[in-house]
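Report on one structure; see the data block that follows.
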Amino acid sequence: MTRYEILRNILAGIIDEAPAKFSKLYEKDPNKVEQYNNSLSRAFLHLFLKVRFDLLDFEEREYFVTDGGNDGGIDGYYIDREHKLIYLFQSKFRANENNFHDKEITMKEMLAMDIQRILDGEKQDENGIDYRGKIYQLQRDINEIDDVPRYTYKVVIFANLKGVSDSELK
């Protein structure tokens, strides 16, 4: 069994954890390929939240997943109040092993992250399209932090990124 197959099995286990009320977001039938791959992508974010931040409860993790249409390129977030860090996630889960290892995220995909607009409290993207409710939730959560200027933002990219300098990335 390859590492990619092991990862898919772990993600399938996370999908199986999804309560029935999330059945539209977490397709459990691998024969429904597109929906199942979307579920794997969301579960990939769950895995990171579970391992990095010790969030064991599915619904607690789901709270921080923003992935979907009109997400401003932010697929998830986490606010670490103890260390005063706000993490913003961009994930490109690849549906097959070769793409997972070899396919890179493009600069266009990177630039699709509307981080500054969202952090500035904008409710719409530059085309006037409303952000999804989960992005409004992110904005509310940040606005509720009393000492937010003391927080540091960290962007976490779950994708292959090669040949991009630090200055381009910033």
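As a summary of the residue check, residue 51 satisfies the conditions (1) buried (at least 18 other Cβ atoms within 10 Å of the Cβ); (2) closer than 24 Å to residue 154 by Cβ; (3) without any contact (Cβ under 8 Å) to a residue 24 or more places away in the chain except for the one numbered (1).
Got a number for residues in segment 126-147 being without any contact (Cβ under 8 Å) to a residue 12 or more places away in the chain and either within 21 Å of residue 89 (Cβ to Cβ) or open to solvent by 100 Å² or more (accessible area, probe 1.4 Å) (or both)?
Step one: of segment 126-147, the residues without any contact (Cβ under 8 Å) to a residue 12 or more places away in the chain are 127-128, 133, 140, 144, 146.
Right, trim to either within 21 Å of residue 89 (Cβ to Cβ) or open to solvent by 100 Å² or more (accessible area, probe 1.4 Å) (or both) and you get 127, 133, 140, 144, 146.
Residues that pass the stated criteria total 5.
Checked against (1) outside any helix (DSSP H, G or I); (2) open to solvent by less than 40 Å² (accessible area, probe 1.4 Å), residue 39 meets all criteria but (1).
Quick test for you: out of 7, 25, 11, pick the one residue that is open to solvent by less than 40 Å² (accessible area, probe 1.4 Å), under 15 Å from the mean Cα position of the chain (by Cα), hydrophobic (A, V, I, L, M, F, W, C) and under 26 Å from residue 88 (Cβ atoms).
Working: 7 fails: under 15 Å from the mean Cα position of the chain (by Cα); 25 fails: open to solvent by less than 40 Å² (accessible area, probe 1.4 Å).
Only one candidate qualifies: 11.
Could you grab me the full set of residues in segment 57-91 that are at pLDDT 95 or above, in contact with a Lys or Arg (Cβ under 7 Å, 6 or more places away or on another chain) and within 17 Å of residue 26 (Cβ to Cβ)? Hits for segment 57-91 are 61, 65, 66.
Checking the structure you have, find out if any residue of segment 25-39 is touching a Phe, Trp or Tyr at 6+ places or on another chain (Cβ under 7 Å), β-branched (Val, Ile, Thr) and farther than 22 Å from residue 119 by Cβ.
So the first thing to find is which residues in segment 25-39 are touching a Phe, Trp or Tyr at 6+ places or on another chain (Cβ under 7 Å), and the list is 27, 29-30, 39.
Filter once more, so that each one left must be β-branched (Val, Ile, Thr): none.
No, segment 25-39 contains no residue that is touching a Phe, Trp or Tyr at 6+ places or on another chain (Cβ under 7 Å), β-branched (Val, Ile, Thr) and farther than 22 Å from residue 119 by Cβ.
Suppose the filter is of a type in the set (Ser, Thr, Tyr) and out of contact with any helix residue (DSSP H, G or I) (no Cβ under 9 Å at 6 or more places or on another chain); does residue 23 pass it? Answer is yes for this residue.
The values are calculated or read from the model by the stated rules, or taken from the named source; none is laboratory data. Every value quoted in this text rests on a predicted model; they were computed, and no experiment measured them. Positions of Cβ are backbone-derived with ideal geometry, glycine not excepted, and every protein chain shown enters the neighbour counts. Accessible surface is based on the protein model in full, side chains and every heavy atom, while ligands, DNA and RNA are left aside. Shrake-Rupley method; radii C 1.70, N 1.55, O 1.52, S 1.80 Å.
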